[in-house]
Every structure is written in C-alpha cells, then in structure tokens.
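The values are calculated or read from the model by the stated rules, or taken from the named source; none is laboratory data. The shown structure was predicted, so the numbers you read here are calculated from the model rather than taken from an experiment. Here Cβ is always computed from backbone atoms with ideal geometry, including for glycine, and neighbour counts include all displayed protein chains.
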C-alpha cells in the first residue's frame, strides 16, 4: 500500500545524496512511498519499477546497485525471499503512529559489515605507525565480545557529532551499552542503530551522556519522540522477539 511521505529541505543538499544520479535520487524518494513504516518492503525489482517508473526505460538494477553501494538501502535474503530495508528511515520520515512491519528485519550481514565498518572477525584493530594492523592486547580481550558493541559505540559518537553535542563516552557509557545489548540479544545491529538515530532525531534534550539514556533506548521503537506527546512503547527488556509478542 502506498503511503504519503515528506521530503525535508536538507535532503537536496545532503553530501551523500548529491553524489547519486538523478534517477537514483528519484528511486530513493519513491521507495519511501511504498516501504512500510519501518522502511521495509519485499524486494521485487520489476514490481518496484512499475510502481515508480511505470512508463520509463530505466536500468532499475543499476539504480539499486547505486543506492546499495552508497549505503542508502540494504537488500537481504530471509529464506527464499529477498527484502529491502531503507537505512536510517526514521531520519527521513517522522511518523506519529508507526505500524509494525510484517517483514523480517535484516540480520548483521556482509553488507551490514561494510556499512558499519565491522571487521570480519568482529574485533577492532588499530593501525600502528608503520601501517600494520595492531594485534589485540590483553585489554582488548576484555572488551565486550558482542559484535554489535563497537559499531554502535561509533554510531553514537557520530550522532553526537552530527547533532552538535560534545562527545561523551566513558566506561559508564560502555557498561550501559553492554548491559542493554545483553538484555536485547534478538535486536539486530541495524535495529539498534535505528533506535540511536531516532533518539538523536527526537524533540528532547540531547546533551545527556549515553550512560543516562542507553538503559531507556528501547523506547525509541516508535520513532523520534515528540516532547508534547508521550505515546511511545514502554522499555521492553525481553528483546525484539519479546516486544513482538507483547503487541
């Protein structure tokens, strides 16, 4: 079912958007109309072409490849069916009452690793002065083993920077993130990153340190919060599957 969506003025001057071809930009906007409220849809190139470019002779697969390479969408298989996820959909659309998606969420895949810069073994390694990869030390081994931790930490730092908030990350923040991940083992990296994005897109004070708001990260499932409304879901601790069952 097609939906009415909005376009923010800063979309047209976004540094990543202007690197797309004109048709890729139009396809990206068109996907918003036909994706659900969580930015997902079944991936059928022919059907999508008929929805967005019904009378145009366009190489739709090339346009999907362009959007994928630039990190605007993720195409992922679940069983024998392919799905499409619009990355950071809540950043483009503010929806008061989101309808839960009927499509499965993407898992951490090879494409996700590229988007979030996750090494193949899930461990970060710093560059030494001679350009070689630094081997993990004993202190590195004590870092949280959850593969979602490091990319989420960097996503939080990036979001702070983009929102004009001084970077605030310490041992308390790392502990808070680790505890939230342990309490939500079924939440994928993309879903957790979307929660962080929703938090920084909310109409509320953003200057609090991460250890203060990370324990309540689950309340951003409905999207960015409006300080004049308080209709978001409670902070489910049973993880993504438990939250689905609670609906």
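Descriptive notes on the structure:
- Residues located in the range 162-220, provided they are touching a strand residue (DSSP E or B) at 6+ places or on another chain (Cβ under 7 Å) and in a helix (DSSP H, G or I): 190
- Among the conditions (1) surrounded by 13 or more Cβ atoms within 10 Å (Cβ to Cβ); (2) modelled with pLDDT under 75, residue 142 misses just one, which is (1).
- Inter-residue pairs, beta-carbon under 6 Å, first within 16 Å of residue 41 (Cβ to Cβ) and in the range 63-79, second part of a helix (DSSP H, G or I) and at pLDDT below 90, 6+ apart: 74/111
- Identification of helices (runs of 4 or more DSSP H) wholly contained in the range 1-76 with 1 or more residues that are at pLDDT 90 or above, touching a strand residue (DSSP E or B) at 6+ places or on another chain (Cβ under 7 Å) and closer than 23 Å to residue 188 by Cα yields 22-34, 60-69.
- Scope the range 59-80; condition over 19 Å from the mean Cα position of the chain (by Cα) and loosely packed, with under 14 Cβ neighbours inside 10 Å; matching residues: 59, 61, 62, 79, 80
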